[in-house]
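J.: Right, I'll just put the structure down here and ask away after.
Bear in mind that the values in this text are calculations on the coordinates, not laboratory data. Bear in mind the structure is a predicted one, so any value in this text is a computation, not a measurement. Note that each Cβ is placed from the backbone with ideal geometry, even for glycine, and that neighbours are counted across all protein chains shown.
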Amino acid sequence: MAKTLNLTLKVWRQENREAKGRIETYAAKDIPVDASFLEMLDIVNEGLVKEGKDPIHFDHDCREGICGMCSLTINGIPHGPERQVTTCQLHMRKFKDGDTIWIEPFRAKAFPILRDLMVDRSALDRIIASGGYIDVRTGSAPNANNIAVEKVKAEAAFDAAACIGCGACVASCKNASAMLFTSAKIAHLN
Ligand code: FES
């Protein structure tokens, strides 16, 4: 397998909420197969900045699959082609040399586009805020490692906490139904 990829990117660019967006084409050259999808965008952006052009704006935070900020639609699929993996955990080895990749923001009425690939997800924040939050003394990290928990219970706890609030369920739903997110959060917060 080639160690680097040359790709064509079709990227959604939009100056602000009100602007009319459009797809622009970029060449992503010599992308290491071990780079993450966001690192690939970093490389493309470095090139754009060197040329004095506006970099592609996109959201991210942890880059560890935890925070849910990396909300891209890749080839028409929220978070891209790999199942149960966030955009930041998707790696370029999943693509082939010469591929054309379409990169858009999450598409849902509830997610107005702020700029390029960044969307406003405060509607989901409001759902979480209206559901309240819990404040429970659950111990520190060493406790988590030292207290033996039955596998069945540990799996059930992980399942309940699996929602990272990224909003991909809303972006995947043809009706963009926030009920998916709300029900996931009700299970999680309970
Ligand atoms: S950047 Fe945090 S889940 Fe992707």
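J.: In square nanometres and to one decimal, what's the mean projected area of the convex hull around the Cα atoms of the chain?
T.: Working: hull surface 54.0 nm².
Over every viewing direction, the Cα hull of the chain projects on average to 13.5 nm².
J.: Does region 90-159 come out rounded, prolate or oblate, given a ≥ b ≥ c as the square roots of the eigenvalues of its C-alpha gyration tensor, rounded meaning a/c under 1.5 and, failing that, prolate meaning a/b above b/c?
T.: Cα axes put region 90-159 in the oblate bin.
J.: Rounded to the nearest 500, what is the chain's calculated 222 nm mean residue ellipticity when only DSSP H runs of at least 4 contribute -39500 (n - 2.57) each, over all residues? Numbers along the way, then the final one.
T.: Working: 6 runs with 55 residues, N = 190.
Mean residue ellipticity, 222 nm, calculated: -8000 deg cm²/dmol.
J.: Non-local amide H neighbours of Ala35 (under 5 Å, H modeled in plane, Pro and chain starts lacking H): which ones?
T.: Met92
J.: Each residue of region 81-86 in turn: what ³J(HN,Hα) in whole Hz from Karplus with 6.51, -1.76, 1.60 and θ = phi - 60°, glycine and Pro shown as x?
T.: x, 8, 6, 6, 9, 6
J.: OK, next. On full extension of the chain, what length is gained from Ser122 through Glu82, given 0.36 nm per residue of separation minus the C-alpha to C-alpha distance? Kindly include the intermediate steps, with their values, before the conclusion.
T.: Working: separation 40, 0.36 × 40 = 14.40 nm, distance 2.62 nm.
Working it through step by step, the gained length comes to 11.8 nm.
J.: Please report, in debye to the nearest 20, how large the charge dipole of region 30-95 is about its Cα centre when each Lys and Arg carries +1 at its beta carbon and each Asp and Glu carries -1 there. Kindly include the intermediate steps, with their values, before the conclusion.
T.: Numbers: 6 positive and 11 negative charges, 51 e Å.
With Lys and Arg at +1 and Asp and Glu at -1, about 240 debye.
J.: Follow-up. Quick one: order Glu24, Glu39 by neighbouring beta-carbon count within 10 Å, fewest to most. Display every interim value, and only then the final one.
T.: Details: Glu24 12, Glu39 16.
Arranged by neighbour count, lowest to highest, Glu24, Glu39 become Glu24, Glu39.
J.: For region 3-18 and region 78-135, what is the centre-to-centre distance using only Cα atoms, to the nearest Å?
T.: Spelled out, the Cα-based centre of one part sits 15 Å from the other.
J.: Same structure, new question: Given 0.36 nm per residue, what is the gain on full extension from Ala19 to Val149 after removing their alpha carbon distance, in nm?
T.: 41.6 nm
J.: Going by amide H atoms built from the backbone, whose H comes under 5 Å of the H on Thr73, apart from near neighbours?
T.: His79, Glu104, Phe106
J.: Connecting C-alpha atoms closer than 10 Å in a GNM of the chain, tell me which of Pro55, Pro32, Pro142 has the biggest fluctuation.
T.: Pro142
J.: Hey, rough spin-label estimate for Asn75 and Ala157, points 7 angstrom out along Cα→Cβ, what's it come to in nanometres?
T.: Inter-label distance under the simple model: 3.7 nm.
J.: Considering only DSSP states other than H, G, I, E and B, which trypsin sites (Lys or Arg not before Pro) in region 44-92 qualify as loop sites with at most 14 other Cβ atoms within 10 Å?
T.: Answer in residue order: Lys53, Arg83.
J.: May I pose another question? Taking springs between alpha-carbon atoms closer than 10 angstrom, which of Ala178, Ala123, Ala141 fluctuates most in the Gaussian network model of the chain?
T.: Top of the fluctuation ranking is Ala141.
J.: GNM on the chain, C-alpha springs below 10 Å: top fluctuator among Met69, Met118, Met40?
T.: Met40
J.: How do Thr100, Thr138, Thr73 rank when sorted from fewest to most other Cβ atoms within 10 Å of their own Cβ? Kindly include the intermediate steps, with their values, before the conclusion.
T.: On the way: Thr100 11, Thr138 7, Thr73 23.
Fewest-to-most ranking of Thr100, Thr138, Thr73: Thr138, Thr100, Thr73.
J.: Go through region 59-70 residue by residue and turn each phi into a ³J(HN,Hα) via Karplus (6.51, -1.76, 1.60, θ = phi - 60°); whole Hz please, and just put x for glycine and proline.
T.: Running phi through 6.51 cos²θ - 1.76 cosθ + 1.60 with θ = phi - 60° gives 8, 6, 8, 6, 6, 10, x, 10, 8, x, 7, 7 Hz.
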